[in-house]
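Heads up: the structure comes next, in structure tokens.
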Amino acid sequence: MDRQRIIKEMAKLVGVEYVISDPTELKVYEADGLTIYKATPELVVLPLTTEEVAAVVRCCARERIPFVPRGAGTGLSGGALALEGGVVIGLNRMQRVLEVDYANQRAVIEPGLINLWLTNQVSPRGYYYAPDPASQSACSLGGNVAENSGGPHCLKYGVTTNHVLGLEVVLASGEVVHLGGYAVDPPGYDLTGAFVGSEGTFGIVTAITVRLLKRPEAVKAMLLVFENIPDASAAVSGIIAAGIVPAAIEMMDRLSIEAVEKGTHAGYPTDAGAILLVELDGPIAEVEALLAPIESVGRAHQMREIRVARDEAERLRLWKGRKAAFAAMGQISPEYYVQDGVIPRTQLLKILTEIEALSQAHGLRVANVFHAGDGNLHPLILYDSRIEGQVRQAEEMGAEIMKACIAVGGSITGEHGVGLEKRDFMPLMYGPADLAAMERLKAVWNPDGLLNPGKIFPTAKTCVEVGSAAAKGIDPRYGIQGF
Ligand SMILES: Cc1cc2nc3c(=O)[nH]c(=O)nc-3n(C[C@H](O)[C@H](O)[C@H](O)COP(=O)(O)OP(=O)(O)OC[C@H]3O[C@@H](n4cnc5c(N)ncnc54)[C@H](O)[C@@H]3O)c2cc1C
């Protein structure tokens, strides 16, 4: 590729100040939230409109340059890394709310809009956008679409795909298409459904039509405190078995509580073995009626204390602790490696016991903070890359956790996507024919493979050594260079 010529052309398309080619500035784009893997792009381009995105893509397609869409870079599977170098197309400047239709409970927004900003904009009128990743104050809605993101309240309300009705997409050719629409169940194939969760390999989202929900009449958050994980795990299943579907059930173990209390002082009891953060919402009468049954399920499982938030300030403090939990790990460890396995809820205790055994065997501490109601685990493996061999050890342990999840009927990802990190595990979940069917679908959208190459599917090289950075051709400390 004639780099200078491409830089000039991109500058003409989006403006010279929105083309990043300086090697130091490009380092900002070398990783996402999973900093164990790094790959530096050759160029970053920051378009403002759909037309600019399409023009940039047409240039990449013509020159056969790989290109990777990127939102806020909070992804946790290496999805936004430019593995084969090329151009990162950053969507951050596309942040407008294009339309809000309160009567029909719809909004049309641009992909770079931060998740929480949408709720902030519509909340004065009593509405909100339901999928709430713990990263919602930083992640973009385009990234949410690409990853089919979940969040604490997705237990009751469903994940991103349940809230996206239509998409404007720039295809790998540069053509602009519209999928789905404003109304439910549009005719033809459900291409919106296929696109959501395609991890930046099917096209670049440039506008999203989402559902808005009306704020519930009442919301009550409560903290259920347990001496140990087995009792807390049993209580999670007990609540659901009692026919109650809270808006959220989140679990944290002792190490997570310690980190959170050091970082944000949410008021969690540091001597507890585990806590459940349970939230009920709905009509006042329903919320009030469900408090007692939840308490009695807790008591049946040796809950030692229940604290119901008395007001909105207290409720927000409880949530602040949970939402800041990943960041709080910095209080107790220089680095962490987060896993995203899913298991049937009834297997919670079994898998948490296995994770504890793996932690002992590898000599690495693990903090658990996760969406317990969905059985969506987030074991945070604490490590220090300055200690020889610890990165490798953390990776190996992560791989064993993934295999343990599969062994109990679970999956390798609940919400963070496959990306680069988990592509080598795909053959553990799918047979060759299953994977081939998926790859054929990808080839329809992305025929030349230029769009976000190296993600989701294992390559011949990566099959050699499951789950290792070395097998991915990446030095976890230094990263690979762009082309
Ligand atoms: C502290 C923390 C907590 C988190 N909690 C949660 C959680 O509770 N639930 C959850 O699901 N995730 C969570 N995440 C992961 C992450 O925030 C989500 O995956 C989020 O959706 C990523 O959005 P992003 O804008 O940062 O995307 P990026 O990281 O920039 O990109 C992610 C993927 O989306 C693709 N992409 C981005 N924009 C577009 C676009 N416009 N068109 C097409 N493809 C695009 C990229 O190519 C890449 O493959 C958490 C992350 C952190 C750091």
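The values are calculated or read from the model by the stated rules, or taken from the named source; none is laboratory data. Since the structure is predicted, the reported quantities are computational estimates derived from the model, not experimental observations. As a convention, Cβ positions derive from the backbone with ideal geometry for all residues, glycine included, and neighbour counts pool all protein chains shown. Each accessible area value is taken on the protein alone, full model and side chains, heavy atoms only, with ligands, DNA and RNA left out. Shrake-Rupley method; radii C 1.70, N 1.55, O 1.52, S 1.80 Å.
Restricted to the stretch 223-233, and to residues there that are not polar (S, T, N, Q) and not in a helix (DSSP H, G or I), the residue that is surrounded by the most Cβ atoms within 10 Å (Cβ to Cβ) is 224. Candidates in the stretch 181-222 are the residues that are assigned to a loop (DSSP other than H, G, I, E, B) and of a type in the set (Ser, Thr, Tyr); of these, the one that is farthest from residue 103 (Cα to Cα) is 201. Taking the criterion of being open to solvent by 60 Å² or more (accessible area, probe 1.4 Å), farther than 17 Å from residue 358 by Cβ, charged (D, E, K, R) and part of a helix (DSSP H, G or I), the residues of the stretch 398-456 that qualify are 434, 439, 440. Criterion first (more than 16 Å from the ligand (Cβ to nearest atom) and over 30 Å from residue 266 (Cα atoms)) does residue 347 satisfy it? Considered against the rule, which asks whether it is more than 16 Å from the ligand (Cβ to nearest atom) and over 30 Å from residue 266 (Cα atoms), residue 347 comes out as no. Taking the stretch 280-363 as the region of interest, the helices (runs of 4 or more DSSP H) fully inside it that hold 2 or more residues being more than 28 Å from the chain's Cα centre (by Cα) are 284-300. Within the stretch 134-169, the residues that satisfy the criterion of being assigned to a loop (DSSP other than H, G, I, E, B), open to solvent by less than 10 Å² (accessible area, probe 1.4 Å) and within 8 Å of the ligand (Cβ to nearest atom) are 139, 150, 151, 152. Tallying residues that are under 24 Å from residue 374 (Cβ atoms) and acidic (Asp, Glu) within the stretch 385-438 yields 4.
Every test in (1) hydroxyl-bearing (Ser, Thr, Tyr); (2) in contact (Cβ under 8 Å) with a residue 40 or more places away in the chain; (3) not in a helix (DSSP H, G or I) is passed by residue 256 save one, and that test is (3).
Within the stretch 50-58, does at least one residue satisfy the condition of being within 13 Å of the ligand (Cβ to nearest atom), surrounded by fewer than 21 Cβ atoms within 10 Å (Cβ to Cβ) and either among the β-branched types (Val, Ile, Thr) or at pLDDT below 95 (or both)? Yes, the stretch 50-58 contains a residue that is within 13 Å of the ligand (Cβ to nearest atom), surrounded by fewer than 21 Cβ atoms within 10 Å (Cβ to Cβ) and either among the β-branched types (Val, Ile, Thr) or at pLDDT below 95 (or both).
Taking the numbered list (1) assigned to a helix (DSSP H, G or I); (2) in contact with a helix residue (DSSP H, G or I) (Cβ under 6 Å, 6 or more places away or on another chain); (3) aliphatic (A, V, I, L, M) in turn, residue 44 passes all entries but (1). Residues that are closer than 16 Å to residue 205 by Cα and among the hydroxyl-bearing types (Ser, Thr, Tyr) do not occur anywhere in the stretch 12-25. Residues in the stretch 9-39 that are at pLDDT 95 or above, within 16 Å of the ligand (Cβ to nearest atom), farther than 14 Å from residue 92 by Cβ and hydrophobic (A, V, I, L, M, F, W, C): 26, 31, 39. Candidates 437, 433, 357: the one that is among the small types (Gly, Ala, Ser) and either modelled with pLDDT under 95 or closer than 20 Å to residue 233 by Cα (or both) is 357. Against the numbered list (1) over 28 Å from the mean Cα position of the chain (by Cα); (2) modelled with pLDDT under 95; (3) open to solvent by less than 60 Å² (accessible area, probe 1.4 Å), residue 2 comes up short only at (3). Where the second residue is within 13 Å of the ligand (Cβ to nearest atom) and among the small types (Gly, Ala, Ser) and the first is open to solvent by less than 40 Å² (accessible area, probe 1.4 Å) and lies in the stretch 179-199, which pairs have Cβ atoms under 6 Å and are six or more apart or on separate chains? Pairs that qualify, where the first residue is open to solvent by less than 40 Å² (accessible area, probe 1.4 Å) and the partner is within 13 Å of the ligand (Cβ to nearest atom) and among the small types (Gly, Ala, Ser), are 199/79; 199/146; 199/417.
Scanning the stretch 360-393 for residues that are among the polar types (S, T, N, Q) and closer than 17 Å to residue 340 by Cβ gives 368, 376.
The set of residues in the stretch 84-107 being open to solvent by less than 20 Å² (accessible area, probe 1.4 Å) and away from the ligand (no atom under 14 Å from the Cβ) consists of 85, 107. When the stretch 200-213 is limited to residues that are more than 21 Å from residue 48 (Cβ to Cβ) and more than 19 Å from the chain's Cα centre (by Cα), the one that is surrounded by the most Cβ atoms within 10 Å (Cβ to Cβ) turns out to be 212.
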